[in-house]
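Participant: Right, I'll just put the structure down here and ask away after.
Read the figures in this text as sums done on the coordinates, not as results from a lab. Only a predicted model underlies this, so the values are computations on that prediction, with no experimental measurement involved. Please note: Cβ atoms are built from the backbone with ideal geometry, for glycine as well, and neighbour counts cover all protein chains shown.
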Amino acid sequence: MMKFSLKYKAIATALVLSLGLVSCSKMDNNYEPIQVSGLNVIQASPTTELLDVYVDNSRTNQNFDFEFGDKIGYLSAYSGNRTFNVTKKGSLTSLKSLQHVLKPQIGYSLFVANTLEDIELVMLEDNLEKPATGKAKIRFVNLSPDGGTLNLNIDGAATDLVTGKAFKEHSDFEPIDAAQSVTFNIKDATNGTTETTVTQKIEEGKIYTIYAKGLKANTGDTGFSSKIFVHSNN
C-alpha cells in the first residue's frame, strides 16, 4: 500500500498498481525514488455487463464488481508508458486497449465509454491545483453516446457554464462558488431543454467532475442521466 501525494492535490489513500515486486532495500547512491501518478477509473459505458480494467497486468477493481456508474481512485500507478485494457469480468480477452504516458505526480481520470459493442477508453488529465478562496472547480464531460451536444448550467444562472460539448468532449475545470446545495442542469445545446439534473453540496477547495452518461434510447439503469464525483478531500 502507498499514498499518492501531490502539492495540495488532495489524493486519497491509494493502491499501487504494481509492475512486479520492487525492492527498497538498495538504498545506495544510485537509488532513485519511484515516480507515481494518480489514476481514477470510471465505468461510464452503458451496459449491465460487469467489466474489469487493467493497468498492464494489474486489475484495478480487485475486490468488487465494476458496474456502470462506479468509480475507483485515486490509485497510484507507476509513471511512464502504461497499457490499459478493459475486459468482461473474469476474461483475459481485451475489448479495448489504450497506451498512454502517465506523467509523474499528475492525476488522471480514465473513463470506460461508449456501448459495449463499441467500447472505448478515454483518458483525461486532471488539473488538481487548488481553487481560489471561497471557490471550487468543476469539469463537464459528455459521455452519452446518443446524447447529442450538451451544455452545463448551474440552476438559476443566466448563462451556461459550459457549452457545446459533443460525445467524448470535455470542458476545462471551471471555478464555481461553494454552496450548501447546487443543482446542475445538463441541457440540449440545440434547443436549451434540460435533459437531466444532479444536485450536490459544493465545498470550498474541492474539485469535481460531472459527466453525462447512459443512452437516451434506454430506460432504467442505463438510461440517460448524470453523475458527479469529487477529486479532492481537502
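Participant: So P104 passes all but one of these: (1) in contact with a Leu (Cβ under 6 Å, 6 or more places away or on another chain); (2) surrounded by fewer than 17 Cβ atoms within 10 Å (Cβ to Cβ); (3) closer than 21 Å to H231 by Cα; (4) touching a residue at least 60 places away in the same chain (Cβ under 8 Å). Which condition number does it fail?
Facilitator: It is condition (1) that P104 fails.
Participant: Let me ask something else. Could you tell me which residue of region 145-166 is surrounded by the fewest Cβ atoms within 10 Å (Cβ to Cβ), considering only residues that are part of a strand (DSSP E or B) and without any contact (Cβ under 8 Å) to a residue 60 or more places away in the chain?
Facilitator: G164
Participant: Could you list, in sequence order, the residues of region 167-191 that are assigned to a loop (DSSP other than H, G, I, E, B) and free of Cβ contacts under 8 Å to residues at least 24 places away in the same chain? Steps first, answer last, please.
Facilitator: At the first step, the residues of region 167-191 found to be assigned to a loop (DSSP other than H, G, I, E, B) are 167-169, 171-173, 178, 189-191.
Selection gives N191 alone.
Participant: Considering K96, K130, K137, which residue is of a type in the set (D, E, K, R), within 17 Å of the chain's Cα centre (by Cα) and surrounded by 15 or more Cβ atoms within 10 Å (Cβ to Cβ)?
Facilitator: The conditions single out K137.
Participant: From the list A217, A212, which residue is outside any strand (DSSP E or B), under 22 Å from P46 (Cα atoms) and touching a strand residue (DSSP E or B) at 6+ places or on another chain (Cβ under 9 Å)?
Facilitator: The unique qualifying residue is A217.
Participant: So which of A132, A136 ends up being over 13 Å from K168 (Cβ atoms) and part of a loop (DSSP other than H, G, I, E, B)?
Facilitator: When all the criteria are applied, what remains is A132.
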